[in-house]
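One structure is given here, and the rest of the page talks about it.
The values are calculated or read from the model by the stated rules, or taken from the named source; none is laboratory data. Everything numeric here is computed off the predicted structure, so don't read it as measured data. Cβ placement follows ideal geometry from the backbone for every residue including glycine, while neighbour counts extend to all protein chains displayed.
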Amino acid sequence: MKAKSINGTSPEELNTKLKEALEDGFSPTLAICFISVKQDRKAIRELLDKAGLTIFGATTNGGFRDDTMIEESAAILLLDIKPEFFHIQLEGYPEKNYREVAAMTAKKALEKIKNPVFLIAGSNIETDGEELIYGFEDVMGKEVELHGCMAGDDFTFTEQFVFTNEKESNRGLLVLALDGDKIEIKGKATCGWKAVGTVRTVTKSEGNHVYTVDDIPVLDLTIKYSGLEIDPSTGDFSVQMSSQFPLQLQRESGEAVMRPGLVVDLNDRSFHCVGSVPQGAKVRFSLPPDFDVIDKVIEACEDLKRTEMPDPDALIIFSCAGRLVALGPLMGDEIEGMRKVWEVPTVGMFSNAELARTPGGNIELHNLTTCAVVLKEK
């Protein structure tokens, strides 16, 4: 499989870059597209469709191509996979029946491909990403090979989109099913935020809405131990909390997963997370990240190269938008370090959440996590 990456700040620039990529006879069939909501998605979709490309696309909170970070732009990975080796579906879930829709797409994929492996993206901040995972597991089993993200919208947290050639959805699931007998896909999820303090108990929660921890309003407890401040007039606190002092949800097997509060309710001092936090669950708070967070991500990529994928054809990175907030310019060092592990064409995006298997555990919905996904034709 041959791969090339391009980026641009307009459909016109992308058209030029695409023509340059095709000059040597390269004939891609699939385009992995990570695009700012400020870009003209319709024009970009038409451009790629006219070139005979099948599109797997999501809007972002910023992205990167190879080792260059880009804002309000588009990053596209071009792949020449045989069309019979992949299948794309886009299904909406207006009724919030996430698990049902995910299971349906998995069943449809099995009708097309005997041994599918999956790359997925979801849209809408309300979406329960864990339910999407459960839907795939209902059909494919716990060992399903699945990686993905939740789309972003340049940090506005208002409306996100997934899209393919002829349609898009602000409340939907986009699925790229690859033939696992022909295309190998492997991934590694790494966070690096360190837990601090004692293990605490979630004493009241409903789904992803956390009310109290140790019978104390979770927002009050967070403020007490983090030292962060909140603007009472606007409730402007969640971005700081997400990146600096998130909860870590303890699991019976595998590593803990991050559950930062993204939407604050000042009335009852609660907050909403992207993923569920069950009542009775054990949690710990996290320290703000330090420099070794980047080292841990690069080390995880080196381990993936050494143990599972030494020479991939392409690299896709899903990195939480909260990492960009927390690490700032240092985020560029992380991306550059990851790409240097394999030195292959790379695209990535800053997402609202990440979907990947934890080391030694199950596929999880993550935050503040970087997921490296490598692909290779067998």
Next item on the list: Give the residues of region 194-208 that are in a loop (DSSP other than H, G, I, E, B) and within 16 Å of Thr222 (Cα to Cα), sorted by residue number.
Entry: Lys194
Item checked: Every pair of residues 6+ apart whose Cβ atoms lie under 9 Å, when the first sits in region 198-225 and is in contact (Cβ under 8 Å) with a residue 12 or more places away in the chain while the second is assigned to a helix (DSSP H, G or I) and of a type in the set (Asp, Glu) -> Asn208/Glu130
Checklist line | Elements of type strands (runs of 3 or more DSSP E) contained in region 60-106, each with 3 or more residues being out of contact with any Leu (no Cβ under 8 Å at 6 or more places or on another chain) | finding: 63-65, 68-70
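Results for (1) of a type in the set (A, V, I, L, M); (2) closer than 27 Å to Pro359 by Cβ; (3) buried (at least 24 other Cβ atoms within 10 Å of the Cβ), shown as yes or no for each residue.
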| site | (1), (2), (3) |
| --- | --- |
| Thr156 | no, no, no |
| Gln160 | no, no, yes |
| Glu168 | no, no, no |
| Val175 | yes, yes, yes |
| Asp179 | no, yes, no |
| Glu184 | no, yes, no |
| Ala189 | yes, yes, yes |
| Lys194 | no, yes, no |
| Val199 | yes, yes, no |
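Which one of these is assigned by TED's automatic domain parsing to the domain that holds Phe85 and free of Cβ contacts under 8 Å to residues at least 24 places away in the same chain: Arg323, Arg306?
On the way: Arg323 fails: free of Cβ contacts under 8 Å to residues at least 24 places away in the same chain.
Of the residues listed, the single one that is assigned by TED's automatic domain parsing to the domain that holds Phe85 and free of Cβ contacts under 8 Å to residues at least 24 places away in the same chain is Arg306.
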Item checked: All strands (runs of 3 or more DSSP E) inside region 239-333 with 3 or more residues being more than 18 Å from Ser205 (Cα to Cα) -> 314-320
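Taking the residues in region 22-69 that are among the basic types (Lys, Arg) and surrounded by 19 or more Cβ atoms within 10 Å (Cβ to Cβ) as candidates, determine which candidate is nearest to Asp333 (Cα to Cα).
Of all residues in region 22-69, those among the basic types (Lys, Arg) come to 38, 41-42, 45, 50, 65.
Filter once more, keeping what is surrounded by 19 or more Cβ atoms within 10 Å (Cβ to Cβ): 41, 45, 65.
Details: Arg41: 29, Arg45: 31, Arg65: 14 Å.
Filtering region 22-69 for residues that are among the basic types (Lys, Arg) and surrounded by 19 or more Cβ atoms within 10 Å (Cβ to Cβ), the one nearest to Asp333 (Cα to Cα) comes out as Arg65.
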